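Undergrad: Dropping the structure in here first, questions after.
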Amino acid sequence: MKILVCGGAGYIGSHTCVALGQLGHEVVVFDNLSNSTRVAIDRMAELVGRPVAFIQGDIRERRDLARAFAGGVDCVIHFAALKSVGESCSRPLTYFDNNISGTITLLQAMEAAQVSRMVFSSSATVYGNSEQVPVTESAPLQATNPYGRTKLIMEELIRDYSASQPGFSGVLLRYFNPVGAHPSGRIGESPTGTPANLMPYVTQVAIKRREQLQVFGGDYPTRDGTGVRDYVHVVDLAEAHASAVRWAMTQQGCIALNLGTGCGYSVLELIRTFERTTGARVPYRIVERRPGDVAELWADVSMAREVLGWQARHGLERMCEDAWRWQLNNPDGYQVA
Ligand SMILES: NC(=O)c1ccc[n+]([C@@H]2O[C@H](COP(=O)([O-])OP(=O)(O)OC[C@H]3O[C@@H](n4cnc5c(N)ncnc54)[C@H](O)[C@@H]3O)[C@@H](O)[C@H]2O)c1
C-alpha cells in the first residue's frame, strides 16, 4: 500500500514510517520540517533498509498537496500539527491556522484525489478535565486550551466529512503520553528549546544538559501527590498506526480509539523507574501545579484491543531504557554538529 504520512518526519511519525516500511508498505513522508529535520528521514531509511520518499511541503498549501497526491495514495496518516499547549495559549491564531486550516485543506486535497482513508493523530487532551478514570472513548469531550481545541475541532471536521462520504474511513487515535524511542537509538524525540513533555526533560537532566527537573504539583489527590499519566511506548504507537491503516482499508465510518497502556504512573514513579533502569540520577524539585493539569488520567484501552487487535507491549522500564539510549547516542537530538 502507498501511504502518505503528513508530519512523518516528526517524533511519532518517524517511528510509524519505520514500522510501515518494515511491513513492506510504500511510505511518502510529507512535512514542512517546521519541527523536524531531514536527518530523521535519512535515519528512517537506514532502519527500513531502502530510501524513504520525501516531499517538503505544507498541508495548508494546495499545490504542495497536489504534488503529494499525484502519484496515487491509498491512505493518509495525519500527524502534521503544532503541539505545544503553552505556545498555543500565546499564539492561538497560529495554531488555528496550522492545525485547523491545514486539516481542511488536506481533506479537500484528499477529496480531489479521491482518497477516502485517513488515520488521524488525536490526543487524550480532548477529554479535558475528565473526572472519570480510566477514561473511555465515550467520555465527554472538552478543550482546556487552544491546542486541545484544535484537536477537538480537527476530530469533528473529520467526523462530519466522514458522515458526508459513504465510502470514507477515518480512525481518530487518541494518544495518551507517548514516550521512548526506537530501540536502535537512531530515531527519537528531539525537542527544540525547553522540552514541554516529561520524558525528554528527564533524559536531558540525566545527561546534565539541564540542572533539575521541575515536578509540577506535589499535592494532588494521588498515591504520592504527583500527577498520574498513562505513558505509552512510541514503538507500540507506531504499530497501532499500522493496525489502524489495516482497519481503514477494510472498514467504513469514523471511529475514535484510545491508545495507552491502561496503567497510570505518577511522575515520581517514572523518575524512580528511570533512575533504577538506567543508573542515571534525575535531581528534581516539586513546584506549583500547572494551570489546566488534571490529577490523573489513564486510558481504558479495551476498544483499541477489540477493534484493532492492538495492545501495548512495552512497559515503563523499556520506555525509560529506550529514551535513555536515544539521549546518550544523540545528546543534542538531531542537531548534528
Ligand atoms: N507527542 C505527544 O506527546 C503527542 C500526544 C498526543 C497527540 N500528539 C499529536 O501527534 C502528532 C505528532 O506529534 P509528534 O510528537 O510526533 O510531533 P512532532 O512535532 O514531532 O511532529 C509533527 C510533524 O508535523 C510537521 N508539521 C507541522 N505542521 C505542518 C504543516 N502545516 N505542514 C506539514 N508538516 C507540518 C512538523 O514539522 C513535524 O515534523 C501531532 O498531531 C500531535 O498533536 C502528540
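Undergrad: List the lysines whose alpha-carbon lies under 20 Å from that of residue 151, not counting same-chain residues fewer than 8 positions away?
TA: Excluding near neighbours in sequence, the set is 83.
Undergrad: Oh, and also: Amide H neighbours of residue 228 under 5 Å, counting only residues 5+ apart in sequence or on other chains, H built in-plane at 1.01 Å?
TA: Here the answer is 296, 297, since their amide H atoms fall under 5 Å of that of residue 228.
Undergrad: Which of rounded, prolate, oblate describes the range 20-76, given a ≥ b ≥ c as roots of the alpha-carbon gyration tensor eigenvalues and a/c under 1.5 marking rounded, otherwise prolate only if a/b is larger than b/c?
TA: The shape class here is oblate.
Undergrad: Tell me the Kirkwood radius of the range 162-259: reciprocal of the mean inverse pair distance over distinct alpha-carbon atoms, in Å.
TA: Evaluated on the range 162-259, it is 16.4 Å.
Undergrad: If you take the square roots of the eigenvalues of the alpha-carbon gyration tensor of the range 144-189 and sort them as a ≥ b ≥ c, do you get rounded (a/c under 1.5), prolate (a/b over b/c) or oblate? Walk me through the numbers before you get to the answer.
TA: On the way: a/c = 4.19, a/b = 1.75, b/c = 2.39.
Because a/c hits 1.5 or more and a/b fails to exceed b/c, the range 144-189 counts as oblate.
Undergrad: Let me ask you something else. Can you tell me the relative contact order of the range 171-241? Whole percent, Cα pairs under 8 Å, sequence separation 6 or more.
TA: Relative contact order of the range 171-241: 41 percent.
Undergrad: To continue, here is another question. Remind me, relative contact order of the range 63-120 in percent, using alpha carbon pairs under 8 angstrom and six or more residues apart?
TA: 60
Undergrad: According to the Cα gyration tensor, what semi-axes, each the square root of 5 times an eigenvalue, does the equivalent ellipsoid of the chain have, listed from largest to smallest in whole Å?
TA: 30, 23, 19
Undergrad: Oh, and also: Can you report the principal axis dimensions of the range 74-137 using only the alpha carbons, biggest first, rounded to whole angstrom?
TA: Over the range 74-137, Cα extents along the principal axes are 41, 31, 12 Å.
Undergrad: Moving to a separate point now. How tilted is helix 102-113 with respect to the longest principal axis of the chain? Cα atoms for both, answer in degrees (0 to 90, nearest 10).
TA: 30
Undergrad: If you wrap a convex hull around the alpha carbons of the range 183-337, what volume per residue comes out, as a whole number of Å³?
TA: 138
Undergrad: Please give the helix 146-164 orientation as an angle from the longest Cα principal axis of the chain, in degrees from 0 to 90, rounded to the nearest 10.
TA: Roughly 30 degrees between the two axes.
Undergrad: Determine the dipole magnitude for the chain: charges of +1 sit on the beta-carbon of Lys and Arg, -1 on that of Asp and Glu, nothing else is charged, the reference point is the Cα centre, and the result goes in debye to the nearest 20.
TA: Working: 32 positive and 34 negative charges, 113 e Å.
My answer is approximately 540 debye.
Undergrad: Antiparallel versus total DSSP beta bridges in the range 185-337: what percent is that, nearest 5?
TA: Taking every DSSP beta bridge with both residues in the range 185-337, the antiparallel ones total about 25 percent.
Undergrad: Explain nothing, just the number: relative contact order of the chain, from Cα pairs under 8 Å at least 6 residues apart, as a whole percent. Walk me through the numbers on the way to the answer.
TA: On the way: 698 pairs, mean separation 65.4, N = 337.
19 percent.
Undergrad: Using helices alone, I'd like the mean residue ellipticity at 222 nm for the chain: each DSSP H run of four-plus residues gives -39500 (n - 2.57), total over residue count, nearest 500. If you can, show how the numbers build up before the last one.
TA: Details: 12 runs with 132 residues, N = 337.
Per the formula, -12000 deg cm²/dmol.
Undergrad: Using DSSP, restrict attention to beta bridges with both residues in the chain and report what percent are antiparallel, rounded to the nearest 5.
TA: Approximately 5 percent, going by the DSSP bridge assignments.
Undergrad: I would also like to ask the following. At a 10 angstrom cut-off on C-beta neighbours, averaged per residue, how do the peptides 74-87, 215-228, 107-120 rank from highest to lowest?
TA: Highest-to-lowest ranking by the protection proxy: 74-87, 107-120, 215-228.
Undergrad: Taking N as the number of residues in the range 54-197, what is its Cα Rg relative to 2.2 N^0.38 Å?
TA: Details: Rg = 16.1 Å, N = 144, 2.2 N^0.38 = 14.5 Å.
Taking N as the residue count of the range 54-197, the ratio is 1.11.
Undergrad: Right, next: If one computes the Cα centroid of the range 200-226 and of the range 1-79, what distance in Å separates the two points?
TA: About 33 Å separates the Cα centre of the range 200-226 from the one of the range 1-79.
Undergrad: Taking the beta-carbon count within 10 Å as an exposure proxy, list 230, 42, 64 from fewest neighbours to most.
TA: In increasing order of surrounding Cβ atoms, one gets 42, 64, 230.
The numbers here are math on the coordinates, done by the rules we state, and not lab data. Predicted, not measured: the structure shown is a model, and the values here were computed from it. No Cβ is skipped: glycine too gets one built from the backbone with ideal geometry, and neighbour counts run over all protein chains shown.
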